[in-house]
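What follows is a short report on a single structure.
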Amino acid sequence: VCIFFFSRVLECQGLPIVNGQCDPYATVTLAGPSRQVLHIQELPSEAKKTKVKKKTNNPHFDEVFYFEVTRPSSYNKKSHFDIEDVDEVDKMEIRVDLWNASNLKFGDEFLGELRLPLKFLRQSSSYEAWYFLQPRDNGNKSLKPDDLGSLRLNVVYTEDHVFSSDYYSPLRDLLLKSADVEPVSASAAHILGEVCREKQEAAIPLVRLFLHYGRIVPFISAIANAEVKRTQKLFTSRDPNTIFRGNSLTSKCIDETMKLAGMHYLQVTLKPIIDEICQVHKPCEIDPVKLKDGENLENNRENLRQYVDRIFTVITKSGVSCPTVMCDIFFSLRESAAKRFQGDLDVRYTAVSSFIFLRFFAPAILSPNLFQLTPHHPDPQTSRTLTLISKTIQTLGSLSKSKSANFKESYMATFYDYFNEQKYADAVKNFLDLISSSGRRDHKSIEQPILLKEGFMIKRAQGRKRFGMKNFKKRWFRLTNHEFTYQKSKGDHPLCSIPIENILAVERLEEESFKMKNMFQVIQPERRVLYIQANNCVEAKDWIDILTKVSQCNKKRLTVYHPSAYLNGHWLCCKATADNTPGCTPCTGGLPANIQLDIDGDRETERIYSLFNLYMPKLEKMQEACGSKSVYDGPEEEEYSTFIIDDPKETYKTLKLIIEGVGTLEQEHAQYKRDKFKKTKYGSQEHPIGDKSFQTYIRQQSEISAHSI
């Protein structure tokens with residue numbers, strides 16, 4: 001008996017890249033019932049592997065291998081495998097192994113394999129399909145459980161099919177108008193936070209969706225205001241310093257926003273000094289009990305003090321680099337806290353510091369690998385140094401009145417005495433003022449304008465009169481989050497006031513204009529320009545940075561400007577004669593106003609749909625709670641007490657719309673799966689053999705069909 005067949009290895013897709021390269025090839029073998037490798041007869045050559053395909057993880061082989069299996073009565077050659085019965089063929093299999101050709105001394109790397117029983121081939125004369133590569137088969141080798149260690153894993157796998165955008169319009173629109181719903185607890189986004197088991201589960205897709213559509217600031221402002229009102233109502237004597245400290249939807253949404261929008265900010269602020277700490281390994285242990293032999297306690301304290309001082313300085317000087325979306329959120333928190341706790345002047349600072357220091361900078365210092373500041377978790381000594389720095393920075397940023405009491409360890413309280421000076425508190429307050437200021441005026445604000453910077457500089461007259469000298473005069477300049485002014489002396493009435501929304505650009509001025517150094521220009525509407533000379537180059541940069549920071553959200557900001565002045569009837573830079581000629585040089589922008597995020601709005605809406613669908617029983621329970629509250633104004637039933645329902649009627653309306661929207665999408669998904677089941681062939685590129693998710697779906701459909709019959 002002679003059995004003859006051939007195998008054509010066509011192509012692979014998405015092979016793993018090993019050590020930055022992928023040079024794959026395939027080997028083909030025939031295995032018998034006891035896993036021994038069978039001899040094959042190659043026609044016309046004896047090669048058992050494909051050619052190596054260089055520098056690709058999507059190789060196209062298209063090579064054919066011929067096999068012949070015979071009985072001994074016909075052939076006695078060693079290259080043929082003896083079988084006693086043709087039925088034994090069903091127990092054979094073709095094995096195709098994928099390898100990465102490596103120049104390393106350890107040999108080629110195994111990428112994966114597939115095993116194809118010949119009994120499938122006997123059912124059809126030709127068989128072509130895609131397969132998932134599988135891990136290496138261990139054969140008959142058995143390992144005792146004690147031979148290996150154990151590993152505990154918690155793996156969450158989510159697979160969503162994302163439709164085109166129009167499918168999600170009703171649910172997406174309902175979510176995006178959440179900030180405008182009164183009360184906000186009746187909004188779709190807030191309801192999602194109520195029904196999810198963990199607030200973080202709801203915060204991740206909500207923040208990404210609202211960031212994508214530019215609605216994150218009004219949404220967080222709305223839920224923060226509601227939380228402050230609820231806190232004041234429930235705990236009238238509560239310490240205002242503890243607001244926003246719990247794991248509420250507000251705090252989780254702000255955490256997630258800072259993580260997404262603030263990653264670049266952390267990189268430019270902390271990464272250089274974190275890298276130095278990880279590389280230099282200075283001893284910084286200040287616990288006398290943990291000192292190593294040969295270490296000096298005072299030297300260690302000084303090393304640690306220098307690190308803390310440097311990190312504190314880079315943080316408090318980084319306000320101009322804080323992303324705009326974070327500044328707008330901090331401004332909203334500051335306003336909300338100040339309105340509700342008018343008797344406490346410090347609450348406007350603690351409301352912001354509880355996020356920027358406690359939940360942003362301190363965790364990034366403590367675990368830099370989680371914030372992409374280092375590739376790996378630091379070694380024990382470095383980790384201990386970062387822990388001590390993080391504790392100190394967190395306490396410095398808290399602005400609490402009795403800071404030494406914040407430390408359980410006496411050695412930390414002793415070390416903190418180095419920083420018990422007013423200059424540190426002032427630096428924190430100046431930093432918080434800057435990052436929580438906004439150029440957008442809120443006429444309902446009870447806050448006085450926040451002073452950001454002031455000092456003497458020399459300005460050139462703007463020439464508001466048609467005739468007159470444009471001379472240079474020394475003036476006292478003052479910048480708040482509302483306006484930029486100057487007067488003759490500190491405390492005098494302003495001679496000129498420029499609203500922040502009228503600052504269209506702030507750029508350096510070339511020295512050739514007036515033969516003066518350290519000059520910059522503040523460009524206003526109608527091509528009016530204020531030319532200013534700072535005392536030195538450092539002061540000039542500080543003023544440019546902070547003016548750019550407060551004005552970078554202005555809708556009419558310029559994209560081009562003139563780097564030189566307009567003198568004697570023409571621009572010195574481009575020689576244009578008209579004074580209203582558009583700029584000839586692109587604006588520098590000065591600072592990254594916002595980091596662009598790669599977010600798919602439809603993907604996030606699909607994820608929110610999946611969460612609503614998962615927690616449908618809770619949505620229905622919440623509907624019952626709304627009905628109960630509407631008709632029965634007595635003590636709340638225990639099963640409903642977990643829900644925040646401020647307006648039962650509005651909440652019920654929103655719940656009804658959510659359930660309808662989720663039901664519609666659920667029907668679309670069911671129809672998609674039915675169509676996919678009918679049209680998709682198992683073994684196609686879309687669903688290779690070995691795709692367990694598709695196998696599970698086939699089994700489920702079979703069970704459903706059997707049940708319906």
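The values are calculated or read from the model by the stated rules, or taken from the named source; none is laboratory data. Predicted model only: the values in this text are computed from it and were never measured. Cβ atoms come from the backbone with ideal geometry, glycine included; neighbour counts cover every protein chain shown. Keep in mind that these areas ignore ligands, DNA and RNA; they rest on the heavy atoms of the full protein, side chains included. Shrake-Rupley method; radii C 1.70, N 1.55, O 1.52, S 1.80 Å.
General remarks:
- Residue match in segment 323-333 (condition: hydroxyl-bearing (Ser, Thr, Tyr), open to solvent by less than 50 Å² (accessible area, probe 1.4 Å) and under 20 Å from the mean Cα position of the chain (by Cα)): yes
- Here residue 525 meets the list (1) closer than 25 Å to residue 432 by Cα; (2) open to solvent by 40 Å² or more (accessible area, probe 1.4 Å); (3) touching a Lys or Arg at 6+ places or on another chain (Cβ under 8 Å); (4) of a type outside the set (Ser, Thr, Tyr) almost entirely, failing just condition (1).
- Set side by side, the residues 113, 159, 88 differ, and just one is out of contact with any Lys or Arg (no Cβ under 8 Å at 6 or more places or on another chain), modelled with pLDDT of 55 or more and outside any helix (DSSP H, G or I), which is 159.
- The single condition among (1) open to solvent by less than 60 Å² (accessible area, probe 1.4 Å); (2) in contact (Cβ under 8 Å) with a residue 12 or more places away in the chain that residue 297 does not satisfy is (2).
- Test: residue in segment 49-56 that is touching a Pro at 6+ places or on another chain (Cβ under 6 Å), modelled with pLDDT of 85 or more and open to solvent by 40 Å² or more (accessible area, probe 1.4 Å): yes
- Within segment 340-367, residues that are open to solvent by 10 Å² or more (accessible area, probe 1.4 Å) and assigned to a helix (DSSP H, G or I) have Cβ atoms under 7 Å from residues that are of a type in the set (S, T, N, Q) and at pLDDT 85 or above in these pairs: 358/394; 366/387; 366/390, counting only partners at least 6 apart in sequence or on another chain.
- Failed condition for residue 294, given (1) closer than 14 Å to residue 266 by Cα; (2) not in a helix (DSSP H, G or I): (1)
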